[in-house]
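Notes follow once the structure below has been shown.
The values are calculated or read from the model by the stated rules, or taken from the named source; none is laboratory data. Keep in mind that this is a model prediction, so the values were computed, not measured. Backbone-built Cβ (ideal geometry, glycine too); neighbour counts: all protein chains shown. Areas reflect the complete protein model, heavy atoms only, side chains present, ligands, DNA and RNA absent. Shrake-Rupley method; radii C 1.70, N 1.55, O 1.52, S 1.80 Å.
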Amino acid sequence: MILDEQSIFSNYQSITGTCASENILDLGAREVSFGTPVELYIQITESFDSLTSLTIQIQTSEDEDFTTPVTLLEHTVLLEDLTEGTVLPVKFLPKGNLGYMRLYYTVTGTEPTQGQILAGLADGIQESFHNA
């Protein structure tokens with residue numbers, strides 16, 4: 001698998017409350033989901049504690065400040081599944097790009113004191129029947 005530094009949303013980002021990904025990607029004002037799907041990789045790199053669940057949204061906007069964000073996809077993960085090494089089942093960018101894209105993390109329950117995420121656009125995500 002290849003992760004490029006310029007296509008990473010969250011680089012071992014600590015999630016201790018509701019927040020946006022540390023990086024916003026400028027994908028240009030064109031649809032990126034046609035043709036070959038753009039692979040998205042989201043992995044828990046440090047187990048979470050305290051919270052009830054974490055909702056991850058893929059958001060897009062016409063401006064870098066996300067004054068009017070549009071949510072393209074939302075996935076909620078319960079605490080028991082937020083363990084180190086877990087790769088989330090969201091595999092590709094959805095259609096609807098408006099130019100800029102980010103991830104947005106919403107904490108439900110108590111704010112965690114630990115928990116990190118690595119997320120970005122990837123090439124050649126390695127999978128086998130062992131982790132399907």
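Remarks
- Simple spin-label estimate for ALA29 and GLU62 in nanometres, 7 Å along Cα-Cβ: 0.8
- Using θ = phi - 60° and Karplus 6.51 cos²θ - 1.76 cosθ + 1.60, couplings along region 38-54 (whole Hz; Gly, Pro as x): 8, 6, 10, 10, 10, 10, 7, 9, 8, 4, 8, 10, 6, 5, 8, 7, 10
- Kirkwood radius, region 37-103, all distinct C-alpha pairs, inverse of mean reciprocal distance: 13.0 Å.
- Counting only protein heavy atoms and a probe of 1.4 Å, the accessible surface of region 1-108 is 48% carbon and sulfur.
- Calculated P(r) of the chain - Cα pairs past 22 Å, %: 34
- Taking a Cβ cut-off of under 11 Å around ILE24, the surrounding Lys, Arg, Asp and Glu residues balance to a net charge of -4, with basic ones at +1 and acidic ones at -1.
- Per residue value of the accessible surface for the chain (all protein chains in place, 1.4 Å probe), Å²: 54
- Using bins of 5 Å that start at zero, the share of Cα-Cα pairs per bin across region 13-65 amounts to 4, 12, 22, 23, 16, 12, 8, 3, 0, in whole %.
- For region 41-132, the relative contact order works out to 47 percent when only alpha carbon pairs closer than 8 Å and six or more residues apart are counted.
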